[in-house]
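The values are calculated or read from the model by the stated rules, or taken from the named source; none is laboratory data. Being a predicted model, the structure only gives us computed values, none of them experimental. Neighbour counts run over all protein chains shown; Cβ positions are idealised from the backbone, glycine included. Accessible surface areas use protein heavy atoms only, side chains included; no ligands, DNA or RNA. Shrake-Rupley method; radii C 1.70, N 1.55, O 1.52, S 1.80 Å.
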Amino acid sequence: MAADHPAAEPPSPQTPTPGRRELAVARSDDPVRDRAEEKVRRFLDAALELVTGARGKDFTVQDVVRTSGQSLRSFYQYFDGKQELLLALLEESARRTADRLREVTAEEPDAAARLRRFTRDYHRLCRPRPADREHGADAEGGGAPAELARRLLTDHPRAAARAFAPLRLLLEEILHDAAREGAVRPGLDHRLVAGTLLQAVLFHPFALAVGGTDHEARDADADADALWDLLARGITSP
């Protein structure tokens, strides 16, 4: 019974901090905020187009300027350089992904089902396969943005980890509800569990590669179910 388990502490409230997009707009000397927002959005859209293109992350600031149809001077009004732009793009991607996952997990009847749905849908978004682009997953945080997230977490772990706050906080909420319902073990550090689960899903393609498996030849839903089973049950016998 759920009542036999002590209630886990809910996620600690955090004061929202401005994201890089907001900081970029605030940095501008343009007195019209809407105009500054539009310019930043065009730079981010250009970066997304380049990241999801054939060159991936291997583009220059000049490429972004040319694709956005804006000036180099304007770019440096908003961003310190390419790395700042990529981190802003990661924040945007993570925020949209969290909004999408919050919407779809709300359809589930209980927290345990929400936790499984979160894992399976996030796995689908992170899976690097051509079908992701065909179904628009790049715009929602999957495909190439997932690869960008993997690279930035490796190269700039602290800055990139901050971008994942919306996803981590949503997952902590679900874990708290699941603990209250008795669906997960009591006494777990939900922040640590959330980070472990997000990391396991995001970097799952590496696990397949190390195991000698071609992820493109495997069924995405079957892979998601296998990962969920491992995360939920562990590897030892009961």
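Quick rundown of the values:
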{"read-out": "Test item: Cα-centred dipole of the range 170-238, Lys/Arg +1 and Asp/Glu -1 on Cβ, debye", "value": "340"}
{"read-out": "Over the range 151-204, volume per residue of the alpha carbon convex hull, in Å³", "value": "71"}
{"read-out": "Cβ-placed point charges (K, R +1; D, E -1), dipole of the range 68-112 about Cα centre in debye, nearest 20", "value": "380"}
{"read-out": "Cβ-derived FRET efficiency at R0 30 Å, Lys82 paired with Phe206, nearest 0.05", "value": "0.75"}
{"read-out": "Per-pair calculated FRET efficiency, R0 = 30 Å: Arg151 and Asp189 via Cβ, rounded to 0.05", "value": "0.65"}
{"read-out": "Solvent-accessible heavy-atom area per residue, rounded to whole Å², over the range 65-114 at 1.4 Å", "value": "46"}
{"read-out": "Over the range 72-121: Kirkwood hydrodynamic radius from C-alpha pairwise inverse distances, Å", "value": "13.0"}
